[in-house]
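See below for the structure under consideration.
The values are calculated or read from the model by the stated rules, or taken from the named source; none is laboratory data. Quick caveat, the model's predicted, so the values are computed rather than measured. Cβ atoms come from the backbone with ideal geometry, glycine included; neighbour counts cover every protein chain shown.
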């Protein structure tokens with residue numbers, strides 16, 4: 001049984017806008033459990049009161065629904081949208097496996113750069129890896145997952161959680 005499903009990217013005008021968007025990156029220092037990375041929040045986690053953090057979010061949300069409709073996926077709620085940027089470290093590192101929410105959800109990752117940084121998903125009986133190319137879009141249930149650091153260029157992804 002496949003854990004990761006690759007979607008078709010409609011590459012609409014909104015998608016081109018997103019790729020050209022000037023992200024305001026917030027530095028997240030490394031810790032014992034995570035390598036350093038940069039983050040740009042569009043829509044905060046559901047437990048946050050003022051969830052829309054970036055005024056561009058309505059346009060981004062419109063594109064996300066374009067992707068869902070293009071791939072015949074019914075979505076009732078978007079929980080969180082965040083862009084992440086990870087720089088190469090010179091040494092292959094794997095981030096700690098994690099689950100984004102403690103409630104049932106699905107994940108969608110859109111790869112905005114062509115830099116590698118495989119996504120790895122785990123289930124009780126399997127492990128599956130996606131070796132990304134620029135503009136790839138994948139979805140998977142809210143399972144334990146992680147990623148490898150990129151080799152040469154920054155890995156930029158847009159992460160969406162939804163139901």
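For the condition on the phi < 0 side of the Ramachandran plot and at pLDDT 95 or above, what is the one hit in 91, 67, 48?
Being on the phi < 0 side of the Ramachandran plot and at pLDDT 95 or above holds for just one of 91, 67, 48, which is 67.
If you scan the range 113-143, which residues turn out to be surrounded by fewer than 14 Cβ atoms within 10 Å (Cβ to Cβ) and not in a loop (DSSP other than H, G, I, E, B)?
127, 129
Looking for whichever is out of contact with any strand residue (DSSP E or B) (no Cβ under 7 Å at 6 or more places or on another chain), touching a residue at least 12 places away in the same chain (Cβ under 8 Å), under 25 Å from residue 121 (Cα atoms) and surrounded by fewer than 17 Cβ atoms within 10 Å (Cβ to Cβ) here; the options are 19, 8. Which one fits?
None of the others qualify; the one that does is 8.
Counting only residues that are in contact with a helix residue (DSSP H, G or I) (Cβ under 8 Å, 6 or more places away or on another chain) and assigned to a helix (DSSP H, G or I), which one in the range 49-78 is surrounded by the most Cβ atoms within 10 Å (Cβ to Cβ)?
Among them, the one singled out is 60.
Spot the failing condition for residue 43; the list is (1) free of Cβ contacts under 8 Å to residues at least 60 places away in the same chain; (2) crowded, with 18+ Cβ neighbours inside 10 Å; (3) within 22 Å of residue 132 (Cα to Cα), and only one is missed.
Checking residue 43 against (1) free of Cβ contacts under 8 Å to residues at least 60 places away in the same chain; (2) crowded, with 18+ Cβ neighbours inside 10 Å; (3) within 22 Å of residue 132 (Cα to Cα), the one that fails is (3).
Hey, could you check the range 148-163 for residues that are touching a residue at least 60 places away in the same chain (Cβ under 8 Å) and in a strand (DSSP E or B) and say which is nearest to the chain's Cα centre (by Cα)?
Going through the qualifying residues, I end up with 159.
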